[in-house]
Amino acid sequence: MYKTVIFDVDGTLLDTERVVLQALRVALGNVGLHYEQDDLRFALGITGEKALAQLDVKDRDAVMADWFAMEAKLNEEVEVFDGIVEVLAKLGGIGVVTSKNAGEMETGFYPFDLAQYFDAIVCASDTENHKPHPDPLLRCMALLGADPATTLYVGDATYDMACAHAAGADFGLALWGARRTDGFADANVVLEKPSDILKYI
């Protein structure tokens, strides 16, 4: 049984995959770089800086700004996953660890009125190292006064799983966002729907 639950945002709380990838694809296309959407899936779960570093992007700052501006325009197409709010309302002492930076949180998280449920929120602007490094999760657990041994980090990406294990916490695969189990053999818990989390509290 877990005493603390910490959540990723994209693909876990919010159904953002299509919007994030579409916005990135358009931003890259604007500078003459053309990719299929499936080729950009690696960008899910890591910071924008890390994603662009893996692509042949010369002016990363400009492309980043274009990417996030496009995301903001498409924000109305993002939805909170079914069942998330009901689960959050039943939990206490919970946190968020996300690869979104402070600016992205303002446009891509806070407008969804989920922040009220969390006692600690750690974004990419809060730590020098980012997922899959353990620092963001360690910071969140420190803010919550949580013991890693009784903490479950819920996410949809292998970066989330690596972050959890590096921080000494367990990882719960949010199957509603990940939509697959391949690559997640080391997940401690596989959650088919948000309400499954309540079985482990």
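The values are calculated or read from the model by the stated rules, or taken from the named source; none is laboratory data. These figures come from a predicted structure and were not determined experimentally. Here the Cβ positions follow ideal geometry from the backbone for every residue, glycine too, while neighbour counts run over all protein chains shown. The accessibility values were calculated without ligands, DNA or RNA, using every heavy atom of the protein model including side chains. Shrake-Rupley method; radii C 1.70, N 1.55, O 1.52, S 1.80 Å.
Largest GNM mean-square fluctuation across M141, M105, M161, computed for the chain with C-alpha springs under 10 Å, falls on M105.
Using the Cα gyration tensor of the stretch 1-154, with a ≥ b ≥ c the square roots of its eigenvalues, what is the shape: rounded (a/c below 1.5), prolate (a/b larger than b/c) or oblate (neither)? Kindly include the intermediate steps, with their values, before the conclusion.
Details: a/c = 2.35, a/b = 1.69, b/c = 1.39.
Taking the square roots of the gyration eigenvalues as a ≥ b ≥ c, the stretch 1-154 is prolate.
For the stretch 87-153, which GluC sites (Glu not before Pro) pass both filters: DSSP loop (anything but H, G, I, E, B) and at most 15 other C-beta atoms within 10 Å?
Details: sites: E104, E106, E128; in loops: E128.
Hits after loop and neighbour filter: E128.
With q set to 0.22 Å⁻¹, the log10 of I(q)/I(0) for the stretch 74-122, from the Debye formula over equal scatterers at the Cα positions, is -0.89.
Diagonalising the gyration tensor over the Cα atoms of the stretch 1-71 and scaling each eigenvalue by 5 before taking the square root yields semi-axes of 26, 12, 11 Å, largest first. Simple spin-label estimate for R180 and K58 gives 3.4 nm between the two label positions (7 Å along the Cα-to-Cβ direction from each Cα). Remark: the stretch 126-174 projects, on average over all directions, an area of 3.0 nm² (convex hull of Cα atoms). Working from the Cα coordinates of the stretch 152-201, the gyration tensor eigenvalues give, after taking √(5λ), semi-axes of 15, 13, 8 Å in decreasing order.
Backbone N atoms of the stretch 13-34 closer than 14 Å to the 7 Å Cα→Cβ label point of L74 belong to residues 15-30. Looking at the stretch 16-81, the accessible area is 54 square angstrom per residue; that uses a 1.4 Å probe and ignores ligands, DNA and RNA. Beyond 24 Å in Cα-Cα separation lie the following of the pairs K58/K100; K131/K199; K90/K193: K131/K199.
Over the stretch 78-201, the ratio between the Cα radius of gyration and 2.2 N^0.38 Å evaluates to 0.99. Candidates A62, Y2, G155 compared by Cα position along the dipole of the chain: farthest toward the positive end lies Y2, with charges placed on Cβ. Just checking the listed ones, Q54, Q37, Q22: in the Gaussian network model of the chain with Cα springs under 10 Å, the one fluctuating most is Q54.
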